[in-house]
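Trainee: Following this message is one structure expressed as structure tokens.
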Amino acid sequence: MPVSALPPDFEWGFATAAYQIEGAVNEGGRGKCIWDTFCHLEPSRTKNANGDVACDHYHKFEEDFDLLTKYGAGAYRFSIAWSRIIPLGGRNDPVNEEGIDFYNQLIDSLLRRGIKPWVTLYHWDLPQALHDRYGGWLNVDEVQKDFERYARVCYERFGDRVKSWITLNEPWIQAVYGYATGGNAPGRSSTNPQCTDGDTSREPWIVGKALIMSHARAVIAYNQDFRKQQKGAIGISLNGDYYEPWDATSEQDAEAAERRMEFHIGWFANPIFLAKDYPDSMREQLGSRLPTFSEEDFAALAAAETDFYGMNYYTSQYAKHKAGVAPDTDVVGNVEELQSNKKGQSVGAESGVHWLRSCPEMFRKHLTRVHSLYKKPIYITENGCPCPGEDKMTKSESVDDPFRLQYFKDHLDAIGKSRQDGAIISGYFAWSLMDNLEWSDGFGPRFGVTYTDYDTLERTPKKSALLLQELIAERKQPISC
Ligand code: GCO
């Protein structure tokens, strides 16, 4: 297989998130977050799983970083739990020095190993106290001020050593799963009879605005008060599948595909990267349910110069136009999402979760589209999959993971091709360093390159980790042109 050299500053690594791996939820002065409440209030919603212990990374981080060293990682993306740093979350609430110490230990250990820390400030674990105090993400004015203060504390305490910041992970998931489907914390949904205290058909869009403005404030704070001295970069990680028309000859389906991506990516990327309003298709469908940006908001968006586009990419789909008026609960743009097209062709090989099929060709198109629209360097901040049937496998079966190996090869190949197409792709983080708590799917799906035994907490490298190790060592990527 021909290979192409990557630039020397290409970032290679693995990614995780605090609630999915840390455990130790009642240690070190940590305050509760909305996921603690969500998992414990109605355990069936998370398949009786929770993050109380998870991978116990809180106590085992040195062992986990030994793995990073073994895999040759140059960078490691992890998230800080807001409620470890400020247990009550708010701008006038005290900072927890034990939480600061914990993340100082992580950062210093990574640096000793020559691994660059990439820090996500928010990976869905809002301090519960802010949700209780004023409605959390539903209170646009309050939450952005508290997020800015939290971000400032992180820059002040860690920014001498952390040079790569990601403000938010997948705001779409926070807004839609948290406030439309109710499948993620805090579990609000217009179809949930418990949500009688608000207009739930507006909530995802209000939360979206709160997330966008929080990102903007955190970036402005960095640019004004820290960038000159600390010389780091700051971005955001957006999820989003690529969509192709279900019927390749239908104009309506082509528009549906575009609309679907606007509802998913443009919702956040247009305000954040272009300082523009939401896509027209959103305004047309949602009318006054979509909040507006004031002059002041637009000024903040324009001032919040963001360095890079973090892309979390897993899969793609086909889009079929839905006739008729979209219902209030529609968050995808009146589109039917399908895994095969009109000709019956599947979007790609099925992985170990129903929503994820391997579609590297569409990944390549996605990279080209995002690059041409937003013109920022792209870092793949998540990419990975569980193997078919892996949730039921024994350890020895799971560590032999040809499906994942092929998935990585094909997606790295697509990156190589898009780089040849002209897209600027500056790094790649495999999701995930180890099997971990897959949110409301519990501990079933295994996305790790390391097998986690949840009874003994023993870690065992899978074969795919060793493939990445080889590629990283050679600083090469396969390109099968
Ligand atoms: C996400 C999150 C991760 C998930 C991963 C696999 O993208 O949903 O960032 O926390 O675990 O994506 O679903």
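Trainee: I need the Debye-formula profile for region 260-399: one equal scatterer per C-alpha, no solvent, reported as log10 I(q)/I(0) at q = 0.10, 0.15, 0.18 1/Å, two decimals.
Mentor: At q = 0.10, 0.15, 0.18 Å⁻¹ the computed log10 ratios are -0.47, -0.94, -1.17.
Trainee: Can I ask one more? Which residues in region 373-414 place their backbone N less than 11 Å from a point set 7 Å from the Cα of E350 along the Cα-to-Cβ direction?
Mentor: Only 388-389 pass the distance filter.
Trainee: A follow-up question, please. Within region 435-478, report the chymotrypsin sites (Phe, Trp or Tyr not before Pro) that DSSP leaves as loop and that have at most 16 other Cβ atoms within 10 Å.
Mentor: Passing both the DSSP loop test and the Cβ count: Y454.
Trainee: Let me ask something else about it. Kirkwood hydrodynamic radius (Cα pairs, Å) of region 192-264?
Mentor: Kirkwood radius, region 192-264: 16.1 Å.
Trainee: Taking the Cα centre of the chain as origin, sum charge times position over the Cβ atoms of Lys and Arg (+1) and Asp and Glu (-1), and report the length of that vector in debye to the nearest 20.
Mentor: Here the size comes out at about 1080 debye.
Trainee: Here's something else I'd like to know. Can you list the HN-Hα couplings for region 59-64, worked out from phi with the Karplus curve (6.51, -1.76, 1.60; θ = phi - 60°), rounded to whole Hz and with x for Gly and Pro?
Mentor: Whole-Hz 3J(HN,Hα) from phi for region 59-64: 9, 10, 5, 5, 4, 5.
Trainee: Whats the longest run of the chain with zero GluC sites (Glu not before Pro) that are DSSP loop and have at most 15 other Cβ atoms within 10 Å?
Mentor: The reported range is 28-304.
Trainee: Please enumerate, by chain and number, the aspartates and glutamates with C-alpha under 14 Å from the C-alpha of K276, excluding those fewer than 8 residues away in the same chain.
Mentor: Filter leaves E262, E295, E296, D297, E305.
Trainee: Turning to a different aspect of this structure: Would you please classify the overall shape of region 60-118 from the alpha carbon gyration tensor, given that a ≥ b ≥ c denote the square roots of the eigenvalues, rounded means a/c under 1.5, and beyond that prolate means a/b larger than b/c while oblate covers the rest?
Mentor: Prolate, because a/c is 1.5 or more and a/b exceeds b/c.
Trainee: Next question. Amide H of C33 versus every other amide H placed in the peptide plane: which residues, excluding those fewer than 5 positions away on the same chain, fall under 5 Å?
Mentor: Amide H neighbours of C33, under 5 Å, 5+ apart: Q128.
Trainee: Ok, one more. Using the heavy atoms of the protein chains and a 1.4 angstrom probe, tell me the accessible area per residue for region 112-223 in square angstrom.
Mentor: Heavy-atom SASA per residue in region 112-223 reads 29 Å².
Trainee: Expressed as a rounded percentage, what relative contact order does the chain have, with Cα pairs under 8 Å and six or more residues apart?
Mentor: 18 percent
Trainee: Of all alpha-carbon pairs in region 118-256, indicate the percentage at a distance above 22 angstrom.
Mentor: 46 percent
Trainee: Right, something else. Based on the alpha-carbon gyration tensor of the chain and its eigenvalue square roots a ≥ b ≥ c, which shape applies: rounded if a/c is under 1.5, prolate if not and a/b is larger than b/c, or oblate?
Mentor: Taking the square roots of the gyration eigenvalues as a ≥ b ≥ c, the chain is rounded.
Trainee: Follow-up question, since we're still on this one. Could you pull out the pairs from K365/K463; K116/K145; K70/K395; K209/K365; K163/K231 whose alpha carbons sit more than 18 Å apart here?
Mentor: K365/K463; K116/K145; K70/K395; K209/K365
Trainee: Can I ask one more? Work out the FRET efficiency for V325 and D421 from their Cβ-Cβ distance, taking R0 = 30 Å, and round it to the nearest 0.05.
Mentor: E(calc), rounded to 0.05, equals 0.20.
Trainee: Give a quick list of trypsin sites (Lys or Arg not before Pro) in region 321-389 that DSSP marks as loop, anything other than H, G, I, E or B, with at most 14 other Cβ atoms within 10 Å.
Mentor: Taking region 321-389 and a limit of 14 other Cβ atoms within 10 Å, the loop trypsin sites (Lys or Arg not before Pro) found are K343, K375.
Trainee: Ok, one more. Let me have the relative contact order for region 155-237, percent, based on Cα pairs under 8 Å that are six or more residues apart.
Mentor: It comes to 42 percent, rounded to a whole number.
Trainee: Cα-based Rg (one decimal) and Dmax (whole number) for region 1-94, in Å?
Mentor: Cα radius of gyration and Dmax of region 1-94 are 17.3, 57 Å respectively.
The values are calculated or read from the model by the stated rules, or taken from the named source; none is laboratory data. Since we're looking at a predicted model, the values are computed, not measured. Note that each Cβ is placed from the backbone with ideal geometry, even for glycine, and that neighbours are counted across all protein chains shown. The accessibility values were calculated without ligands, DNA or RNA, using every heavy atom of the protein model including side chains. Shrake-Rupley method; radii C 1.70, N 1.55, O 1.52, S 1.80 Å.
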